[in-house]
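The next block holds one structure in the form of structure tokens; read it before the comments.
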Amino acid sequence: MFDESELELELLSLDPGPQTIGEHELKTSPLITYDAAKLTADQFTQRGLLGGVLAVNASGLPPTLKDPRIYINLDAPSSGLVCGVQGSGKSHTVSCIIEGSLMMDRRIGTLPAPLATVVFHYDEENGGRPCEAAYLSELKTGSARGVEEVVVLVSPSNLNTRRRVYSSLTHVKVEPLRISETDLNASRMLSMMGADNLETMPLYLFSAMAILREMGSDGFSYQGFRKKLAESDFNRTQQSMLQLRLDLLDSFLKGTGKDIVKFFNSGRLVIVDLSDPFVDGVTAAMLFNICLGLFIEWKNTTGKLIVLDEAHKYLTNADANHFTRSICSIIRQQRHLAARVVVSTQEPTVVPPSVLDLMSWIICHRFTSPSWVKHLMHHICVDETSVGEDDNNGSGSNAPDWAKQVMRLRTGEGLLCSASALFPSKEGTLERLGTGYAVIKSRMRLTRDGGESILATDSTSTAEHVPLAGLATPESSTSSGNPSPELGLRLGSQVHCVDTSNDTPSTASSPSLTEKILSPRMSTLEAGSRLFKPPTYTDIGSQSENEHVTKGLNAFTDVSSTPVLVIPRARPKSMVHNIAPAFPVSSTPPQSVFAKTRDPQFDVLIKGLVENNGRALHQSLLDRVHQLSPNPYPTGEKKPWKNFLTRAEAAGIVTLSGSGSKKMVTLIPGTTFSQAQKTASTLIQQSIPSGESSYAVLISALSTLAPGRGVVRICDLGQEFKKRKFKHDGRLKDFLIQAEQNGVVKLSVRNKMDHVQLA
């Protein structure tokens, strides 16, 4: 018999109230836009800037957003897939996610509690390149440190080779991968034995399973397991197969280095790189499974990020695979394990359906394969036209609308599908993306990009390229010819409006710090084409570039001395490769110049050499310098004259030759006095490129080896650098390529040998 009590109603909460999205759903949403975040009373305290939204295709949501910024919620566990063909921006997007999870920089979001991150990488065909995630250790500009701690764990048998591969990344620590015997258990041994599918498993592995089952009740011991295997009655072939597995595992158990668990730490990036000619994809997946289990068992107070880099090389589309089952299990329990999983692949068909169905979000960069469309369409909930019975390959007129959008995406753009992502509705309330999708563009990275395409013309100077002419450019949306301030606000990016009256670029942009990191040139799609039209490069650059260079060159006419040493900067690659360059395209493009800065203390030295036609014995030069200036260099140091000449040589002022009383001091052609330098530097508002302080030593070394702009072998230049104890950033070839792009040198190949000469 029922009474009239209403006590039972206290536990019911049927009225959601004015807020249609519950608090738990709000906190665990994987993605949120800036406009939506403003409606949540700042509940997303740990977020990473992913990029900008170009267009939205969803019921109840506006097609464009006032503020394009979209964030990934790093506070809550989630899982995602990033797929696309090579060069579509897939790895760039993953790197942006890792940056946001490890780097505390206000430009890319907020991160009060950095995550512990593990990246699994395997490359059998291209083992001579580092994992692209390792480039997160260096900032894009210069060689400053990016992610504070980056550790790469490699196969012990391939340790020396991999250390050479990563030697160009100075902030990366390469260590052998070690697994402790105490971390092995029956499950991991089954995975190592290859006992994935009972139907195809060899008969002798059943005996090994019986031994593991017997040992499971008493506690697993690796040495005890090996002893029992030795006592078993296996034939020679079976023993050989087992021994191969055990020997491989032994190579990761031997040694005195730290085991893998000791490297896990919050805010640290650990890359497990098993690129090894003796490790195949199946074996790599087995070892990854062991490392993954140890990472999940490791306890930390913040959170964990797991990245499967180039997963198509070791992940199989089989739910019976141990590694696949582990990934699927972690995603199912991600809320309890504080785990975030990101799968990056060029081949989405290798991702098992059980994993795809559990993904919190999917970002599809450009691809054109009908089979990919067919595979993904069964796992992406988008209310669009589905494939008909007569067009079951997804390539005809009945192909889903999202698939047509994907095929038209540009580099860096992606199609986002995430039912739980939060967007602002047309009424100004919070709404899920649901069965819709959004087109986004990844932001620019703070760290160095290691996945740039290598072009045939990269080895030549960009200043020698003949620009394309006659390319059609959309007209500017403003009559004045300058970019509209609305352009900067819509894109959330920094837009320079050139003002030739004071040679100082003014900025029309949103004051928010994170807006400056978004790419300034978001391209368009059908739904996003009405966002804006890019301004014409003729209106922006023509007058400013010509007047800018003219003023800089006129600066030298007022100085009655040797011309200032100026190094023409090569035109940016974007002017050659982009369809809408930032400055006018012509057959003879004007080149910007910048004055080389140096210490005026060397003026007296230069004057003494000029009086002797640029060359003098160091003793006679010393007497003349003292006549010109009683105190030409700092006093109180040992051998001041010798140190003074050494500093002048390092600064690119002179070259030294000979020894003892016959030591000659030669003035490098083009050097001038500080008066001319100061006059030019005030009129040429052009920043000196990163690493310019190193170019003085480069010029000095080349002038010593080959006076008069002669050709020098790169290997000989390397020896000269060693003599001068000069350490350049990165590899010598990369340093010279950067110098060539800045117009300092020219590179060439003669008799199959790389050569360099002053430009």
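The values are calculated or read from the model by the stated rules, or taken from the named source; none is laboratory data. A quick note: this is a predicted structure, and the numbers were derived from the prediction, not measured. Glycine gets a Cβ as well: all are built from the backbone with ideal geometry, and neighbour counts include every protein chain shown.
Structural remarks
- The set of residues in segment 55-111 that are among the polar types (S, T, N, Q) and assigned to a helix (DSSP H, G or I) comprises SER91, THR93, SER95, SER101.
- Restricting the first member to segment 340-357 and to residues that are charged (D, E, K, R), and the second to residues that are part of a helix (DSSP H, G or I), the beta-carbon pairs closer than 6 Å and six or more apart or on different chains are GLU347/HIS312.
- In segment 703-747, the residues that are among the polar types (S, T, N, Q) and surrounded by 14 or more Cβ atoms within 10 Å (Cβ to Cβ): SER703, THR704, GLN738, GLN741, ASN742
- Complete set of residues in segment 404-443 that are buried (at least 19 other Cβ atoms within 10 Å of the Cβ), of a type in the set (Lys, Arg) and closer than 20 Å to MET377 by Cβ: none
- Odd one out for ARG245 among (1) touching a residue at least 40 places away in the same chain (Cβ under 8 Å); (2) crowded, with 17+ Cβ neighbours inside 10 Å; (3) over 41 Å from the mean Cα position of the chain (by Cα): (3)
- When THR411, THR345 are checked against the criterion of being among the polar types (S, T, N, Q), at pLDDT 90 or above and in contact with a Cys (Cβ under 8 Å, 6 or more places away or on another chain), a single residue qualifies: THR345.
- Segment 661-759 holds helices (runs of 4 or more DSSP H) entirely within its bounds, and those carrying 1 or more residues that are modelled with pLDDT under 75 and touching a strand residue (DSSP E or B) at 6+ places or on another chain (Cβ under 6 Å) map to 674-683.
- Those residues of segment 719-759 which are under 22 Å from GLY450 (Cβ atoms), touching a residue at least 40 places away in the same chain (Cβ under 8 Å) and of a type in the set (A, V, I, L, M), in sequence order: ILE737, ALA739, LEU747
- Of residues in segment 430-464 being of a type in the set (Val, Ile, Thr) and not in a strand (DSSP E or B), the one modelled with the highest pLDDT: THR435
- Residue within segment 564-584 that is assigned to a helix (DSSP H, G or I) and at pLDDT 70 or above present: no
- Of the residues making up segment 614-624, one or more are polar (S, T, N, Q), over 24 Å from PHE726 (Cα atoms) and modelled with pLDDT under 80.
- Failed criterion for ASP196 (all others in (1) of a type outside the set (A, V, I, L, M, F, W, C); (2) surrounded by fewer than 17 Cβ atoms within 10 Å (Cβ to Cβ); (3) modelled with pLDDT under 85 hold): (2)
- Filter result (among the polar types (S, T, N, Q) and over 27 Å from the mean Cα position of the chain (by Cα)) within segment 277-298: THR283
- Single residue of ARG213, ARG164 found to be basic (Lys, Arg) and within 30 Å of LEU115 (Cα to Cα): ARG164
- Matching residues in segment 110-137 - criterion: being more than 15 Å from LEU269 (Cβ to Cβ) and crowded, with 24+ Cβ neighbours inside 10 Å: TYR122
- Odd one out for ALA230, checked against (1) at pLDDT 90 or above; (2) over 22 Å from THR283 (Cα atoms): (1)
- Residue within segment 138-153 that is in the same structural domain as MET286 (by TED's automatic domain parsing) and more than 24 Å from the chain's Cα centre (by Cα) present: no
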